[in-house]
Structure formats: C-alpha cells, structure tokens
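> Mind looking over this structure? Questions follow.
Computed from the coordinates by the stated procedures, all read-outs in this text should not be read as laboratory data. Note that the structure is predicted; figures quoted are calculated from it, not measured. All Cβ positions, even for glycine, are placed from backbone atoms using ideal geometry, and neighbour counts span all protein chains on display.
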Ligand SMILES: NC(=O)c1ccc[n+]([C@@H]2O[C@H](COP(=O)([O-])OP(=O)(O)OC[C@H]3O[C@@H](n4cnc5c(N)ncnc54)[C@H](OP(=O)(O)O)[C@@H]3O)[C@@H](O)[C@H]2O)c1
C-alpha cells in the first residue's frame, strides 16, 4: 500500500518514527518518506542511519500550520507521532503541552485537508482514556479532534483515524531503560510506586505493524486499540533483577494504579475484532452508512458486552516473568 506513495511522519525522529521508517524501507518502496520534527541534531543523527534516496528531512514544528502545509504537499499518508509525552513535564508546563498536543493536532488536520492527503493516523495512548493527568487529557482532546475531522473534510477529503496503545517497552524515558541503568549502577532493590501496579505492554515493532495494518483497515473515525498483554510491576522487577525485592516510593502525581484503553462508558460504541478493539465515533456526520463492523480488510467485528472495559488489571493476558525476560533481551 505504501509503494510509490509519499508518507509524512510528524515526530519522525522519535522512537516510533525511526522504527516505522525502518519498517517501511524494508517492506515497501515509497516515493518519499518525510520526517517532520524540530531538532536538527536528531535529524542529522537519523540521516546517518536512514539515507535512502526517498528520505526527506523537514525541520518544522507542529505548532506552525503554514510549515505543515508546505511539508504535506503531494503527500498521500500521514502518521502523526509528534507529541510532548512526559507526564511530569506536562503538569509543570501545561500550556506548552496543550500547544503541541492539541493545537498541533488541529494544525495536522488543517494541513491534511488543505493538501488533500488521503489518510491520516494519529498516535494516542492509554493515558487518554479517562485521563487523570494533563498529558492524557491533551491526547484525549487530540483523539476527539481527529475523529471529528472526518466531519469537516468532505466526501473526497482525507480520512482520519486514531491508534491508541499502552506502554512501549524500552521507549525513551520508560521504566525498562530506567531499571536497566539502575541495575548497571549496582542497585539491587528497584523503586516501585505501588506493588499492585499493572500496565499494558507493547513492543515498538508490534506498535508499528499495528499502525501499518490500520492504514489498510480504516474507514475514518475509528480509535483502534490492539489486544496486548499486561504486566505486573513486581513481575517486571523480578524479570530484570532476579528478585521481587523493591523500594516502595509511592504513586507519582498524575499516575494511575492501572490503565484503561476502552473505558466502560464507551462500551456501547465499541467493537471486538480478532486481535483488536475499535471505538467507533459517538457522533457521525460525514457518512451515515459506514459499517464499522466490517473493515476495509473484510474483518468482522462484534459489539462488546454492555459493561465491557479493557483494563490492564483485569486483562486476561498477563506476561509471565519468563516471557518478560525474553522480551527484555529482544528490546535491549
Ligand atoms: N512511548 C510510549 O510508551 C507511547 C505509548 C503510547 C503512545 N505513545 C505516543 O506515540 C507517539 C510517539 O511516541 P515516541 O515514543 O516515538 O515519542 P518520542 O520518542 O518522544 O518522539 C517524539 C517526537 O516528536 C517530535 N516533536 C516533539 N514536539 C514536536 C513539535 N512541537 N513539532 C514537531 N515535532 C515534535 C520530537 O522531535 P523534536 O524534539 O526534534 O521536535 C520526536 O521526533 C506520541 O504521540 C506518544 O504520545 C507513546
């Protein structure tokens, strides 16, 4: 689907962006792969690794709509990955997070409509479901903007969908590299915020492949949620340090004990497919007869039960300590 097509990735120098580019270069022959981000050093370093003739590096900020419009000229597909995503930084600098994650999202939408891009997928997070911190709240607002964008883009305009997933194993600033560095410094007891904490767990490769697949599935307006395992924090500690010994440091501001990807309140809009869920739009203006139960790949979904909730603590699939050990080796 990406052969001879032009694809733009906002936040293309980030963890997701680099893995996405690597995947596309391996499996497709794109006409152009455009990286859109602010920092020239990150782009310079990425160019040393990804220098295929189709690569283009655009310095630009998602807060700058004009720049986004010029970057999206003749582009077919957009992945919106740029975000400020550190929970404490967002609490301390709320307006900066709003400018990038919400105003930036609207700029991506406006630019995609102005340049008549074909399809856009925006990346979201479990923290956007029933948010308790500003980062999650900005991502929820962004999700709403992308879903609603289908209502203003016109019958022949771009289609917008969202991919929502949980913790990416080993991504910048996440717990696995943090624990690894503590163990390398000789610590034997790792810090734990709460012994019962659980998280959804996905590898970068799984995240990339899920996004690629959803470009094929999407009709516009879906929030795609992959079925992924959960991890208990003490199992993670044991898999990395060999013991369940830990130091309790208390839940941090803006942190939840468990995460949710499909809230119970959205159950009546949610569908279950073999390997994912879809939250369908609550209000649909742009095309009344979209059948979300059958996606563009022909996969069939069925409504979830009335009180269904996709919750990291009640997820039927948890990774074992042994499985976590293997995953740690893979992502090292
Ligand atoms: N990592 C996870 O665990 C996780 C989980 C669920 C969802 N997500 C979502 O997945 C997406 C990608 O995450 P990631 O882990 O790849 O993040 P990341 O490694 O922190 O990368 C973020 C990217 O966004 C760019 N960026 C930040 N502000 C920008 C702005 N104003 N204009 C243009 N570019 C900007 C950064 O480059 P510059 O600084 O050079 O601009 C960088 O390329 C995010 O939307 C995040 O919310 C991540």
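> State the antiparallel share, in %, of DSSP beta bridges confined to the chain, rounding to the nearest 5.
For the chain, the DSSP antiparallel bridge percentage is about 30.
> Give the shape of the range 100-212 as rounded, prolate or oblate, defined through the alpha-carbon gyration tensor: a ≥ b ≥ c are the square roots of its eigenvalues, a/c under 1.5 means rounded, and otherwise the shape is prolate if a/b is larger than b/c and oblate if not.
Cα axes put the range 100-212 in the prolate bin.
> Measure nothing but the geometry: give the 0 to 90° angle between the long axis through the Cα atoms of 204-217 and the longest principal axis through the Cα atoms of the chain, rounded to 10°.
Between the helix axis and the principal axis of the chain, the angle is about 30 degrees.
> Continuing with this model, one more query. What is the packing order of peptides 199-209, 23-33, taking the mean over residues of other C-beta atoms within 10 Å and listing the highest first?
Descending packing order for the listed peptides: 199-209, 23-33.
> Taking the alpha-carbon centroid of each part, what is the distance from the range 31-66 to the range 305-327 in angstrom?
Going from one Cα centre to the other spans 36 Å.
> Could you tell me the distance between the Cα centroids of the range 199-261 and the range 147-197, to the nearest Å?
7 Å
> How high is the relative contact order of the range 59-158, given as a whole-number percent (alpha carbon pairs under 8 Å, six or more residues apart)?
Relative CO of the range 59-158 lands at 33 percent.
> Placing one identical point scatterer on every Cα of the chain and ignoring solvent, what is log10 I(q)/I(0) from the Debye formula at q = 0.10, 0.12 Å⁻¹?
The computed values of log10 I(q)/I(0) come out as -0.59, -0.85.
> Please order 255, 287 by the number of other Cβ within 10 Å, starting at the fewest.
287, 255
> How do 273-282, 217-226 rank on mean C-beta neighbours within 10 Å, highest first?
217-226, 273-282
> Could you tell me whether the range 22-82 comes out rounded, prolate or oblate from its Cα gyration tensor? Rule is a ≥ b ≥ c as square roots of the eigenvalues, rounded for a/c under 1.5, then prolate if a/b exceeds b/c, otherwise oblate.
oblate
> For helix 104-114, report the angle its Cα long axis makes with the longest principal axis of the Cα atoms of the chain; keep it between 0 and 90° and round to the nearest 10°.
20 degrees
> Given labels modelled 7 Å from the Cα in the Cβ direction, how far is it in nm from residue 265 to residue 156?
4.0 nm
> Defining a contact as two alpha carbons under 8 Å apart and six or more residues distant in sequence, what relative contact order in percent does the chain show?
15 percent
> Continuing with the same structure: What is the packing order of peptides 11-21, 96-106, taking the mean over residues of other C-beta atoms within 10 Å and listing the highest first?
Final packing ranking: 11-21, 96-106.
> What is the spin-label model distance, in nm, from residue 52 to residue 118 if the labels are put 7 Å beyond Cα along the C-beta direction?
Result: 1.6 nm between the two label points.
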